[in-house]
Amino acid sequence: MPSKPCILQQNDFGGDGSVLIGICKSVDPELESYVAGGLPRFDIPRASISLENKIRYWPDGTVFVSVVDPGVGTERRSCVARLKSGGYVITPDNGTLTLQVAGEQISEVRQIDEAANRLPDSAGCEIFHGRDLFAYTAARLAAGQITFEDVGPAYPVEEIVTYQLDYGKIDEEGAHGYFSGCMQTFGNLETNIRIRDFEALSVSQGSMVRVVIRQEGKTVFDRAVLYHKSFGYAPPGGEILYNSSTGFMGLGLNKESFMERYGVGVGKEWTIDIKP
């Protein structure tokens, strides 16, 4: 069991993570640091959802770094949020902490003092705060080289930037939402319809439901789809509606890409109606 907290970093710029891990190891060779790339570029809501899922499964005390930062180098705050569970999130304050604020998980937040907590010799470069501020501050905090108070000035949790949470709707006709994300590897789509809301329709697994997908109001898909607990209940190439691992309803094909076959994308212009 490591004596110092792990560092888990997620970002939208990809790469093998060796630079970010190297920063942490240079601060303290004992640190365990991991990097998860693959977030959609500039997609702050997806960063918040991904962060929420990671916090749920990593040990209390973990130091999380989340860098989806289209405003890098501007006046937006760089911050460290202390979680009530004992860990920290280091991120641009640009909406990434929305779900953590909504879940009342944050006890305090501080703005990173760049004069005190910046990678040496990095002044003059303002496009790689993931390396120069966030990874470096995370490593120093995890290594015990600085305290939370040393990060910088505190500001009210109420001032943390958040975006408007936008969940799918349920009415007497069914569930209505849009595709908020995807799993590119398999071509599955994720909706903004929460499982717990969909369950209010009392649709049993194994039933057929009508799924209608529109792009900017134009119907591109309209057919009966199996609602079941896993892909293998559909025949190869068959459509399936399922409960995704993130707490939202998902749509895919068994052993094929739904996105490729039907040309469906992600965003509010891609709506979905699910009718029992």
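Read the figures in this text as sums done on the coordinates, not as results from a lab. Just so it is clear, the structure is predicted and the values come from calculations on it, not from any experiment. As a convention, Cβ positions derive from the backbone with ideal geometry for all residues, glycine included, and neighbour counts pool all protein chains shown.
For the chain, the 222 nm mean residue ellipticity estimated from helices alone, with every DSSP H stretch of n ≥ 4 adding -39500 (n - 2.57) and the total spread over all residues, rounds to -4000 deg cm²/dmol. Among 64, 221, 42, the residue with the largest mean-square fluctuation in a Gaussian network model of the chain, with springs joining Cα atoms closer than 10 Å, is 221.
To the nearest 20 debye, what charge dipole does the chain have about its Cα centre, counting +1 at the Cβ of each Lys and Arg and -1 at the Cβ of each Asp and Glu? Mind showing how you got there, number by number?
Values: 26 positive and 36 negative charges, 152 e Å.
The dipole of the chain has a size of about 720 debye.
Restrict the search to segment 228-276; then list the trypsin sites (Lys or Arg not before Pro) that DSSP places in a loop and that have at most 15 other Cβ atoms within 10 Å of their Cβ. Listed in order of number, the matching sites are 229, 255. Remark: relative contact order (segment 140-245) = 14 percent; criterion is Cα-Cα distance under 8 angstrom and separation of 6 or more residues.
Hey, got the dipole for segment 180-255? About the Cα centre, +1 on K and R Cβ, -1 on D and E Cβ, debye to the nearest 20? Display every interim value, and only then the final one.
Working: 8 positive and 6 negative charges, 17 e Å.
I would put it at about 80 debye.
What whole-number volume per residue, in cubic angstrom, does the convex hull of the C-alpha atoms of the chain give? Can you show the working numbers first?
Details: hull volume 40.4 nm³, N = 276.
Spelled out: Cα convex hull of the chain, divided by residues, is 146 Å³.
Springs between Cα atoms under 10 Å define the GNM used for the chain, and in it the highest mean-square fluctuation of 185, 62, 246 occurs at 185.
Structure shown: which of 229/255; 218/268; 84/229 lie over 23 Å apart, alpha-carbon to alpha-carbon?
Values: 229/255 15 Å; 218/268 13 Å; 84/229 33 Å.
Those over the limit are 84/229.
Summing charges over neighbours of residue 77, with a neighbour being any other residue whose Cβ is under 10 Å away from its Cβ, gives -1 when K and R count +1 and D and E count -1. Other residues within the sphere of radius under 14 Å centred on the Cβ of residue 35, judged by their own Cβ, net out at 0 (K and R +1, D and E -1). Normalising the average separation of contacting C-alpha pairs (under 8 angstrom, six or more residues apart) by the number of residues puts the relative contact order of the chain at 15 percent.
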